[in-house]
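The values are calculated or read from the model by the stated rules, or taken from the named source; none is laboratory data. Model, not experiment: these values are computed from the prediction. Methodologically, a virtual Cβ is constructed for each residue, glycine included, from the backbone with ideal geometry; neighbour enumeration extends over all protein chains shown. Calculation scope for accessible area: heavy atoms of the full protein, side chains included, ligands and nucleic acids excluded. Shrake-Rupley method; radii C 1.70, N 1.55, O 1.52, S 1.80 Å.
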Amino acid sequence: MTHFTKAILLVSFGTNIHTARKAAFDQLKDDLQKDFPDHSVYCAWTSERIIQQVLKQDRIHIMTIAEAMKQMYTDGIRELLVQPTFILNGLENERMLSEIAACAYHFENIRIGSPLLDSFHDYAAVISALKQEYAALPANEVLIFMEHGTAKSVKS
């Protein structure tokens, strides 16, 4: 078995829907492992409730951030890339940052990615991409995207 000292921690809120987990999280983890062959890839979820639901219904244990940080340290990881799958820079992202900061002293280097919509520029880029992707939508149809809200404001 190859021993890595670098890792990627993929952080998500989580889902208790088996097909969504396979299509989104498992696929993203596999893609990251292919794109970063010199890194181990770990996953952690922020929703304790969903972690417990998945454990009960599918008998699969998903780590919390604290558990993943402890496991990576035990596994000899010293350089860490953290990438959240959050859409907004809201409460879940703040909690993730706090939990990572609490364990940061175990690692030599930690770099943390941003949620998808972290700045006004990000919103503009996503809107542009969605307009292009759905340009052929018939005039009598409407497409609505929804996301959970947050009390945090967008950085400009």
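Could you tell me which numbered condition Leu88 fails, if it satisfies all but one of (1) of a type in the set (A, V, I, L, M); (2) touching a residue at least 40 places away in the same chain (Cβ under 8 Å); (3) within 18 Å of Phe36 (Cβ to Cβ)? The failed condition is (3). Evaluated against (1) over 18 Å from Tyr42 (Cα atoms); (2) modelled with pLDDT of 90 or more; (3) open to solvent by 50 Å² or more (accessible area, probe 1.4 Å), Ile112 falls short on exactly one condition, (1). Scanning region 115-151 for residues that are exposed (fewer than 10 other Cβ atoms within 10 Å of the Cβ) and assigned to a helix (DSSP H, G or I) turns up just one, Gln132. Restricting attention to region 3-23, the residues being outside any strand (DSSP E or B) and touching a residue at least 24 places away in the same chain (Cβ under 8 Å) number 9.
If we scan region 49-62, do we find a residue that is open to solvent by 80 Å² or more (accessible area, probe 1.4 Å), touching a Cys at 6+ places or on another chain (Cβ under 8 Å) and free of Cβ contacts under 8 Å to residues at least 60 places away in the same chain? The answer is no; no qualifying residue exists. Among the residues of region 72-105, those identified as more than 12 Å from Leu10 (Cα to Cα), assigned to a loop (DSSP other than H, G, I, E, B) and of a type in the set (A, V, I, L, M, F, W, C) are Ile77, Ile87.
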